[in-house]
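Student: Can you keep this structure in mind? I'll have questions shortly.
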Amino acid sequence: MGLFKSAKLFCDVVAHTDVVANSLMSSMRYDGFEVNGVKLPNGNWDISIKKGDLFKAILGLQSALKISISPTNPHVYVKAGVGIFGQQAIPTILTVCVWWPFAITQIWGMIQQNKLDKLVMDKIQSEFDRLAGHPVNTKVID
């Protein structure tokens, strides 16, 4: 996800990873977002979130806020950044070389302006805190 990301390590909560991922997807759907999420064979979650005009379709690709939730026993690493909605493969090299470098800056600006990355991290923090029964220690990753 390059320079355009938010990342946080949630300490000692690996047992709650699946519940938190599912709760985040349900909560974002309830808030009116289109959500696509899948648990990968390695245990990581790949979640895409988009809503209306916040993310535009350009050259047939739907940009989105991509959330990666990665259990790394005993912690969980979460990062949010700009990506393609769902698990779609990028169809052409031309798209990556021409469109993506220009669009990613604008899309990340929209995400930060709308505080969508902060909203997602806050929802994840709140759910980990609730499940753990206490405030969970975190570390912001640069």
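The values are calculated or read from the model by the stated rules, or taken from the named source; none is laboratory data. Note that this is a predicted model, so its numbers are computed, not measured. Here the Cβ positions follow ideal geometry from the backbone for every residue, glycine too, while neighbour counts run over all protein chains shown. Surface areas here come from the heavy atoms of the whole protein model, side chains and all, with no ligands, DNA or RNA. Shrake-Rupley method; radii C 1.70, N 1.55, O 1.52, S 1.80 Å.
Student: Restrict the check to the stretch 53-76 and report whether at least one residue is at pLDDT 60 or above, open to solvent by 20 Å² or more (accessible area, probe 1.4 Å) and among the acidic types (Asp, Glu).
Tutor: Checked the stretch 53-76: no residue is at pLDDT 60 or above, open to solvent by 20 Å² or more (accessible area, probe 1.4 Å) and among the acidic types (Asp, Glu).
Student: Oh, and also: For the list (1) in a loop (DSSP other than H, G, I, E, B); (2) modelled with pLDDT of 80 or more, I need the number of the one condition that residue 89 fails.
Tutor: So the condition that residue 89 fails would be (2).
Student: Next question. Looking only at the stretch 28-50, how many residues end up being under 15 Å from residue 18 (Cα atoms), touching a strand residue (DSSP E or B) at 6+ places or on another chain (Cβ under 8 Å) and free of Cβ contacts under 8 Å to residues at least 12 places away in the same chain?
Tutor: Looking only at that region, the number is 1.
Student: Yes or no: the stretch 13-34 includes at least one residue that is modelled with pLDDT of 95 or more and assigned to a loop (DSSP other than H, G, I, E, B).
Tutor: Yes, there is a match, as at least one residue in the stretch 13-34 is modelled with pLDDT of 95 or more and assigned to a loop (DSSP other than H, G, I, E, B).
Student: What are the residue pairs meeting all of these: first residue in the stretch 6-25, first residue among the hydroxyl-bearing types (Ser, Thr, Tyr), second residue surrounded by 16 or more Cβ atoms within 10 Å (Cβ to Cβ), Cβ atoms under 7 Å, and 6 or more apart or on different chains?
Tutor: Pairs that qualify, where the first residue is among the hydroxyl-bearing types (Ser, Thr, Tyr) and the partner is surrounded by 16 or more Cβ atoms within 10 Å (Cβ to Cβ), are 6/79; 6/80; 6/117; 6/121; 17/69; 17/71; 17/76; 23/127.
Student: Sort out which residues of the stretch 102-136 are at pLDDT 95 or above, in a loop (DSSP other than H, G, I, E, B) and open to solvent by 60 Å² or more (accessible area, probe 1.4 Å), and write them in order of number.
Tutor: 133, 134, 135
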